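Values in this text are rule-based calculations from the coordinates and carry no lab data. Computed from a prediction, not measured in an experiment: that's the story for all the values here. Cβ coordinates were reconstructed from backbone atoms using ideal geometry, including for glycine residues, and neighbour counts include every protein chain displayed.
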Amino acid sequence: MGHGIQPADLGFFSTLAGAASLSAAARELGVTLPAVSKRLAQMEARLGVPLVNRSTRRMGLTPEGELYLEHARRILADIDGLGELLGLSKATPQGLLRVNATLGFGRSHVAPLVSRFVRRHPQVQVQLQLSVSPPAPTEDLYDVCVRFGAPPDSRVVARNIGANRRLLCAAPAYLARHGVPRVPHDLAAHNCIGIRQGEEAYGLWRLTPAKGKGRNARPEAVKTRGSLATNDGEIAVNWALDGHGIVMRAEWDVQRHLRSGRLVQVLPQYSTPDADIYAVYPQRHQMSARVRAFVDFLAQAFTQQGEAEPG
């Protein structure tokens, strides 16, 4: 067993498993595809089991590969955490920081903050991965995930780093043609732009009278319909700007259009479920200087941006 498992293979396989293909892994490792294939074959020969299923076009792990990956990442995290603990006296953020965020918000808000963060902390290398939906909190693919809403998992730390509301809005031209909804069920007669993201019920909008928010609040669920749907929030907002219908979107994504008058808030007397911004990370990373520095930086930046926006 000692001959089969080599410490240097742990990081190699962790990187390999996080890539979509052997070619992608080769690019990330900065080596050739034949070199990656050869090293993987040598690992499998030493272990005596296949780690990667090569029968599909997209690389997948065998059950043995999944087990190897789980333990490899745990060992690497423990080594990294030990280094952090031993270096706490210096508390200088350094090393690799893997960050995940959703596509639209990550592109428009997180990426610019990453740029500012690495200028302040040049010893930190950030890998920013954008995805349609946040990964499962327990997958341990990232050090920090920036997402809307706290995950229902006590095994991770979820820190609220920014307030956020979802708003209904539409272009003035659309409302001039089709009328302004007065109550939630009026939405059933409107063209509502759908966004398919995460595990939320598609097309089901829940609204609560703002004055009744609290124990007496009675949310109304409206099943909406429309001729346009997408999994990209930015596209949905652009369709609303073009006058195609009503969209429900995070305040962070539409506030500039509301200020300019290109969009108008619909049913402002009703509120939607909160969607605050959270930084989610494994509990063992609480002592990581780079994770703490990055999360603190995000929280400060979002607070300052929120205070700068008119409420």
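Kirkwood analysis of the Cα pair distances in the chain returns a hydrodynamic radius of 22.2 Å. For segment 129-195, the convex hull spanned by the alpha carbon atoms encloses 152 Å³ per residue.
Centre-to-centre, using Cα atoms only, segment 10-57 and segment 97-123 are separated by 28 Å. Rounded to the nearest 20 debye, the dipole size of segment 7-83 about its Cα centre is 360 debye, using +1 on the Cβ of Lys and Arg and -1 on the Cβ of Asp and Glu. Dipole of the chain computed with +1 at Lys/Arg Cβ and -1 at Asp/Glu Cβ about the Cα centre; of ALA173, GLN123, SER23, farthest Cα towards the positive end is ALA173. Placing +1 on the Cβ of every Lys and Arg and -1 on the Cβ of every Asp and Glu, with nothing else charged, gives segment 166-271 a dipole about its Cα centre of roughly 440 debye. Modelled spin-label separation between THR303 and SER23, with each label point placed 7 Å from Cα along the Cα-to-Cβ direction: 4.7 nm.
Placing +1 on the Cβ of every Lys and Arg and -1 on the Cβ of every Asp and Glu, with no other charges, gives the chain a dipole of roughly 600 debye about its Cα centre.
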